[in-house]
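The values are calculated or read from the model by the stated rules, or taken from the named source; none is laboratory data. Being a predicted model, the structure only gives us computed values, none of them experimental. Note: ideal-geometry Cβ built from the backbone for every residue, glycine included; neighbour counts use all protein chains shown. Only protein heavy atoms, including side chains, enter the accessible area calculation; ligands, DNA and RNA are left aside. Shrake-Rupley method; radii C 1.70, N 1.55, O 1.52, S 1.80 Å.
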Amino acid sequence: MMEGLLSSTMLQSSEVDTVMQDNDHAYSTNGHVTNGFIDPQNLHKVSQSLDTPRDESPTQSQPSSEMTSGAIGRKLFLPTGCCYDNRMKYHANADFSESPHHPEDPRRIEAIMQEFAEGGLIYDGSEADLAQILKNSPTKYMWRIPARQAREDEICLVHTASHYEWVRSLSELKPADLRAMTTAFDNGRKSLYVGSLTHYAALISAGGAIETCKNVVEGRVKNAIAVIRPPGHHAEHNESMGFCIFNNVPIAASVCMQDYPEICRKVLILDWDVHHGNGIQNMFYENPNVLYISLHVYQNGLFYPGQPDDEGLPDGGPDKCGAGVGIGRNINIAWHDQGMGDGEYMAAFQKIVMPIAQEFDPDLVIISAGFDAAAGDDLGGCYVTPACYSHMTHMLMSLANGKVAVCLEGGYNLRAISRSALAVAKTLMGEPPERIVIPPLNEKAARDIQHVKEYQAPYWECMRPGVIPIKDLQERNAPRLHDVMRSYQKGILSRKHNMISVPIMRKVLSTSFADQVLITPKIQSAKKILLIIHDA
Ligand SMILES: [Zn+2]
């Protein structure tokens, strides 16, 4: 029994060291984990059983999940998941002209994985040491979550069938047609390139997001990061735009809410990409169970994605709060301009994101993690540091029992996105965020934040100054505010003008009308009387 467990463990776990290498062969099409990974939930049990004499605890090798066993293992022993697949690089610009470079470059995800490897987050040692590592420190490295192609029925939870078909049909077009299409789409709001393998790569990107979120919801990993592309948050239900083909995060959120209705009822999607995630907003605009919070540059509606072609659709303005039963479940923290940095992002988190998120109390947090607000990104023009990304991640980890799934969106400076993603991954793994000195909050940004608070106040208790329980106070014989004010006024008037209070002789009225009738001295001898009737 023990031999079986060990050898299968060794065999299965041996893939850990190739986790982030070329993994083209490691997948099946049925969507399940068949590439040789054991359930990370059993990792610490495996570790224990390595110490256990051969015939004592054969049942310990039986897999169990948080859902089936009801016994939640200590999260301390659960690793952070990481989803990556080389096949997502197949989506590339079909434009072979003289300057075909496009910011949404296949090397983006490779650069991040390289940074993870260099940061020591990925195991690359020998197989012989693996059992010992699993035994001693199961959370030392990230655990690989295999990507897979998303199914059509999953995509169509948020996209129309005709949109799915349009993306699929790209794979049948000739290179010349794809180039012509790319040239036509490159400008304006559409901002898109397409290739013959776009459909394939987009399916894996969406499938990667799904598997990442499912693993987090099921408690197979502590939390996870999906290094995926093409990105998703601009894709609308019926069209691709803004470098995005399918909208990965809403697809994954919808699959989780559908597949785990008991444990995943409310989802928070926090989008810190520098652009507004119009697609995510619109897909859940009337959904009370998905809270979408986006921090983005708005520039009064001029910054990408700007104004929708359909005037009936909401843009990224702070006044767009959701509709119908989803009112109050859409929050646009819309910066008036570029140039925002740690001071503004930390303030937005402390004043809006965290109070509202805590009041919402989600079952799952998905971060739409574009790193184009990072310092060094030309498109974003903002200055968020890796340490600030750590702090934002760390704050979000206090929600939903720590169930946080990070999905890559935009971010185009390879150096900036790698360093930022590394900081996020380390935080997910349990490293405390680097200490930062928070710069002072930009004055106009403070106003941006205040606007959001005002728009959201009707929907969130924490956005209001607070409610006074009058009945409770009365029962405690607390003074009423206008009594306090009258007594204060009387104090001033008697000091300045020697006015004196005329006592009310009727007992029932005496308390509340005290200090309401004031007279100047010598009223008996006055020739003229000025009478002021005034209610404080
Ligand atoms: Zn972006």
Review point. What residue, of ALA117, ALA128, is free of Cβ contacts under 8 Å to residues at least 12 places away in the same chain and more than 30 Å from ASN278 (Cβ to Cβ)?
Key: ALA128
Practice item. Identify all residues within the stretch 297-344 that are in contact with a Gly (Cβ under 8 Å, 6 or more places away or on another chain) and over 16 Å from GLY242 (Cβ atoms); write none if there are none. Key: GLY317, CYS321, GLY322, GLY328, ARG329, ASN330, ASN332, ALA334, GLN338, GLY339
Practice item. Check MET283 against each of (1) within 12 Å of the ligand (Cβ to nearest atom); (2) farther than 22 Å from PRO146 by Cβ; (3) in contact with a Pro (Cβ under 8 Å, 6 or more places away or on another chain) and name the one condition it does not meet. Key: (1)
Review point. In the stretch 370-387, what residues are touching a Leu at 6+ places or on another chain (Cβ under 8 Å) and open to solvent by 10 Å² or more (accessible area, probe 1.4 Å)?
Key: PRO386
Check your understanding: Is it true that ASN248 is closer than 14 Å to ALA405 by Cα, within 16 Å of the ligand (Cβ to nearest atom) and among the polar types (S, T, N, Q)?
Key -> yes
Revision key, fill the gap. Checked the stretch 124-156 for anything within 20 Å of PRO230 (Cβ to Cβ) and part of a loop (DSSP other than H, G, I, E, B); matches are PRO146, ALA147, ARG148, GLN149, ALA150, ARG151, CYS156
Study note, to complete from the structure: With criteria (1) among the small types (Gly, Ala, Ser); (2) away from the ligand (no atom under 16 Å from the Cβ); (3) out of contact with any Asp or Glu (no Cβ under 8 Å at 6 or more places or on another chain); (4) not in a strand (DSSP E or B), ALA445 comes up short on (3)
Practice item. Output the number of residues of the stretch 213-228 satisfying the condition of being closer than 17 Å to GLU154 by Cβ and open to solvent by 10 Å² or more (accessible area, probe 1.4 Å). Key: 3
Study note, to complete from the structure: Per the filter on the stretch 112-123, residues surrounded by 19 or more Cβ atoms within 10 Å (Cβ to Cβ) and farther than 15 Å from PRO79 by Cβ are ILE112, MET113, GLU115
Review point. With respect to HIS296, is the statement that it is open to solvent by 10 Å² or more (accessible area, probe 1.4 Å), touching a residue at least 24 places away in the same chain (Cβ under 8 Å) and not hydrophobic (A, V, I, L, M, F, W, C) true?
Key: no
Practice item. Determine if the stretch 251-273 includes at least one residue that is open to solvent by 10 Å² or more (accessible area, probe 1.4 Å), within 16 Å of the ligand (Cβ to nearest atom) and not β-branched (Val, Ile, Thr). Key: no
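A quick yes/no check of all residues on (1) charged (D, E, K, R); (2) over 23 Å from TYR84 (Cβ atoms):
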| position | (1), (2) |
| --- | --- |
| SER162 | no, yes |
| ARG168 | yes, yes |
| SER171 | no, no |
| THR183 | no, yes |
| ARG189 | yes, yes |
| GLY208 | no, no |
| GLU211 | yes, no |
| PRO231 | no, no |
**Study point:** Only one of ILE356, ILE352, ILE367 that is within 16 Å of the ligand (Cβ to nearest atom), open to solvent by less than 10 Å² (accessible area, probe 1.4 Å) and modelled with pLDDT of 95 or more
**Key:** ILE367
**Study point:** Lone unmet requirement of (1) open to solvent by 10 Å² or more (accessible area, probe 1.4 Å); (2) over 25 Å from VAL227 (Cα atoms) for MET397
**Key:** (2)
Review point. Just a yes or no: is a residue in the stretch 174-192 crowded, with 24+ Cβ neighbours inside 10 Å and away from the ligand (no atom under 16 Å from the Cβ)?
Key: no
Check your understanding: If you scan the stretch 323-333, which residues turn out to be open to solvent by 10 Å² or more (accessible area, probe 1.4 Å) and either within 16 Å of the ligand (Cβ to nearest atom) or touching a helix residue (DSSP H, G or I) at 6+ places or on another chain (Cβ under 9 Å) (or both)?
Key -> ARG329
Check your understanding: Within the group SER169, SER191, which residue is within 27 Å of ASP105 (Cβ to Cβ), part of a helix (DSSP H, G or I) and of a type in the set (Gly, Ala, Ser)?
Key -> SER169
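Inside the stretch 397-410, can you point out the residues that are within 20 Å of THR80 (Cβ to Cβ) and outside any helix (DSSP H, G or I)?
Correct list: MET397, SER398, LEU399, LYS403, VAL404, ALA405, VAL406, CYS407, LEU408, GLU409.
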Practice item. Inspect all residues belonging to the stretch 302-313 and state whether any of them is at negative phi, within 16 Å of the ligand (Cβ to nearest atom) and of a type in the set (Phe, Trp, Tyr). Key: yes
**Study point:** Selection status of ILE504, assigned to a loop (DSSP other than H, G, I, E, B) and open to solvent by less than 90 Å² (accessible area, probe 1.4 Å)
**Key:** yes
Practice item. May I ask you to say which residue of GLY466, GLY402, GLY411 is at positive phi, open to solvent by less than 40 Å² (accessible area, probe 1.4 Å) and either at pLDDT below 95 or away from the ligand (no atom under 16 Å from the Cβ) (or both)? Key: GLY402
Practice item. Go through the stretch 104-123 residue by residue and tally those that are assigned to a helix (DSSP H, G or I) and not aliphatic (A, V, I, L, M). Key: 7
